[in-house]
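Okay, so here's the structure we're looking at.
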Amino acid sequence: MTTMPTQTDTNTLNSYNPSTGEIVGSVPITPVAQIDSIIAKAHAALPAWQALSAQERADMLKPAGKILEERAEELGKLLSLEQGKPISEGIGEVKGCAARMDWESQEVANAVQPEILKSNGIESTIYYDGYGVCATITPWNFPMLMAHWTIVPALVAGNTVVCKPSEQTPLIADEYVKILNQFLPEGVLQIIHGEDDQGKALVAGDVNMIAFTGSKNAGQHIMASAAKGLKRLVLELGSKDPLVVLEGADLDKAAEYGVRNALRNCGQVCVSTERIYVQDSIKDQFVDKLKAQVAEFKVADCHEESARIGPMVMREQKEHVLGQIKDAIDKGAKVVMGNEPMDGNFVAPTLLDNCNHDMDIMVVETFGPVVCVQSVSSADEAVKLANDTEYGLGAVVFGEEQLARKVGRQLTAGMIGVNKAIGGASGTPWVGARHSGFSYHSGPMGHRQFCQVRVISTNDE
Ligand code: NAD
């Protein structure tokens, strides 16, 4: 594995294949000094964009889904090359965005229709207007989906958008924006490239709203910077999601879910299973099942058909994960499998038993391919430990149905799965609690987070 050069030289942002260190492509860096004029262009595009109805805006975006679908194979390969996930998953991410473009644009258009309330001789109309210019800032782990998730509601709700994708995955975000721009008026959707400095300048600029998906630290920085202008915020941040496994659970299903959700995308998922709490009486049996599942995960370059997971996106991420594994072992964790050294950015899927909350790996976000098990004596202890975190994006419990539902209601995350993954029914929001987020997106409730609510009241004659 070659040591990767720095991500940027003076005016070019290179994107590297994390499997090989080779350059996949590059984009021009947006000079920080130009960002204010880009934001000004977004303001200039606002009046005409807001003069359209939400339905007209949604209808403009919908054909972009067809192009994404037609180009899914080519774009999926590009996505995988710069991010590292198996190509089938890269294609799946593009196809997912393609499919969402139609129904999600429509869902936003429906969610922002005015509502009328009447009482005591008063008629009030609630309007959902765009805020103005929305900055969307996104991470690298789902580099198209994360952009799509905030750009589509922002646009259809009547905002113009300046987006700043991750410096690790600029190419696929650039393609996504180019495709949408085939159907949008000039200035409605713009993209800027660079590292944190570009993101900071965008947040500090004359934007009305910021929709950010990324780490807690960057989210806190953004919140502080946004405070000056009381800018509206949607922050989707990191997590440390627990899985609770109780007596009476279907252990095969729980093990399959737990391992898949811990290792998917090399553990680089905001709702990865990062901690497993299992009752003493079933622990050994459950760990054997986890072991069998982990053995299924072949690590390889995204091109290999047998690859279940690829490399970590960057060297620093690998060092962080290996540091946490070492800290856990030093403090008494038992390596059940994995932890063999691997070249380059690759990390062997690792199963650790005897974990506890003195270890970083049980309290600080890992974002890597590690399955961590701690045994508990009761459901109450599992709840206490699962909630012993500053985070709260997702949480899952497997157990006898009635007890599992009761335990699920005691968990403090924003999205909780009972005997299933966290994914909700259509229309539910993507919402983090505590330090995993501030406001939320998706579903009709989430779409309205991109809107200024205005109420006009008249006499109801
Ligand atoms: P990151 O915070 O390092 O970077 C995300 C984006 O913010 C990048 O585009 C980066 O350039 C920009 N940025 C960084 N500092 C900034 C600042 N001070 N001001 C403005 N912009 C700034 O995150 P990452 O490493 O790209 O992504 C991984 C993190 O994202 C993990 O913590 C993960 O849990 C989180 N995540 C959360 C969700 C969710 O839905 N809650 C989804 C995906 C990822």
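Taking amide hydrogens as placed 1.01 Å from N in the peptide plane, the amide H of Val234 sits under 5 Å from those of Ile210, Ala211, Phe212, each at least 5 positions away in sequence or on another chain. By DSSP, the beta bridges lying fully in segment 241-427 are antiparallel in about 15 percent of cases. Simple point charges give the picture: +1 on the Cβ of Lys and Arg, -1 on the Cβ of Asp and Glu, and for segment 241-427 a dipole about the Cα centre of about 340 debye. Couplings 3J(HN,Hα) for segment 446-460, derived from phi with the Karplus relation 6.51 cos²θ - 1.76 cosθ + 1.60 (θ = phi - 60°), are x, 4, 6, 5, 8, 10, 7, 7, 10, 10, 10, 10, 9, 6, 8 Hz, where x marks Gly and Pro. The separation of segment 321-348 from segment 90-106, counted between C-alpha centres, amounts to 36 Å. Backbone amide hydrogens, once placed in the peptide plane, bring Thr12 within less than 5 Å of Ile29, excluding anything fewer than 5 places away on its chain.
Under 5 Å from the amide H of Ser166 lie the amide H atoms of Thr138, each residue being 5 or more positions distant or on a separate chain, with H modelled from the backbone and absent for Pro and chain starts.
The orientation-averaged projected area of the convex hull spanned by the Cα atoms of segment 241-427 comes to 10.5 nm².
Rg/Rh for the chain to two decimals, with Rh computed the Kirkwood way over all alpha-carbon pairs. The Rg/Rh ratio comes out at 0.99.
Ordered by packing density, taken as the mean number of other Cβ atoms within 10 Å over each peptide's residues, highest first, how do 331-343, 363-375 rank?
Details: 331-343: 15.0, 363-375: 24.2.
Per-residue Cβ counts within 10 Å, averaged per peptide and sorted highest first, yield 363-375, 331-343.
Positive end of the dipole of the chain (Cβ unit charges, origin at the Cα centre): among Gly121, Ser80, Ser166, the Cα lying farthest that way belongs to Gly121.
Going Cα to Cα from Lys420, which lysines come in below 22 Å? Please leave out same-chain ones fewer than 8 positions away. Answer for Lys420, where 22 Å is the Cα cut-off: Lys240, Lys253, Lys283, Lys289, Lys291, Lys384, Lys406, listed by chain and number. Protection proxy ranking for 64-77, 149-162, using the average of other Cβ atoms within 10 Å per residue and placing the highest first: 149-162, 64-77.
Think of each Lys and Arg Cβ as +1 and each Asp and Glu Cβ as -1; about the Cα centre, that makes the dipole of segment 78-226 roughly 200 debye. The lysines whose alpha-carbon is closer than 20 Å to the alpha-carbon of Lys66, local same-chain residues fewer than 8 away aside, are Lys77, Lys95, Lys178. Summarising the label geometry, the points placed 7 Å from Cα in the beta-carbon direction at Ser225 and Glu115 lie 3.4 nm from one another.
Counting Lys +1, Arg +1, Asp -1, Glu -1, what net charge surrounds Ser377 among other residues with beta carbon under 13 Å of its beta carbon? With Lys, Arg at +1 and Asp, Glu at -1, the neighbours total -2. Each residue of segment 340-355 is assigned a 3J(HN,Hα), and the resulting list reads 6, x, 9, 6, x, 8, 7, 10, 5, x, 10, 10, 10, 10, 6, 7 Hz, derived from the Karplus form 6.51 cos²θ - 1.76 cosθ + 1.60 (θ = phi - 60°), x at Gly and Pro.
Counted as membrane-span-like here are DSSP H helices of the chain whose alpha-carbon atoms extend 15 Å or more along the helix's own axis and whose Kyte-Doolittle mean is 0.0 or above; these are 145-156, 170-181. Per-residue Karplus couplings for segment 415-420, computed as 6.51 cos²θ - 1.76 cosθ + 1.60 with θ equal to phi - 60°, are listed in order as 10, 10, x, 10, 6, 6 Hz, Gly and Pro entered as x.
In segment 328-394, with Lys and Arg counted as +1 and Asp and Glu as -1 at Cβ, which of these residues, Ser375, Leu385, Phe346, has the Cα nearest the positive end of the dipole, that is, farthest along it? The Cα lying farthest towards the positive end belongs to Ser375.
Each peptide among 97-108, 418-429 gets the average number of other Cβ atoms lying within 10 Å of its residues, and from highest to lowest they stand as 97-108, 418-429.
FYI, it's all coordinate maths here, none of it is from the lab. Since the structure is predicted, the reported quantities are computational estimates derived from the model, not experimental observations. With ideal geometry, Cβ positions are generated from the backbone for all residues, glycine too; neighbour counts draw on all protein chains shown.
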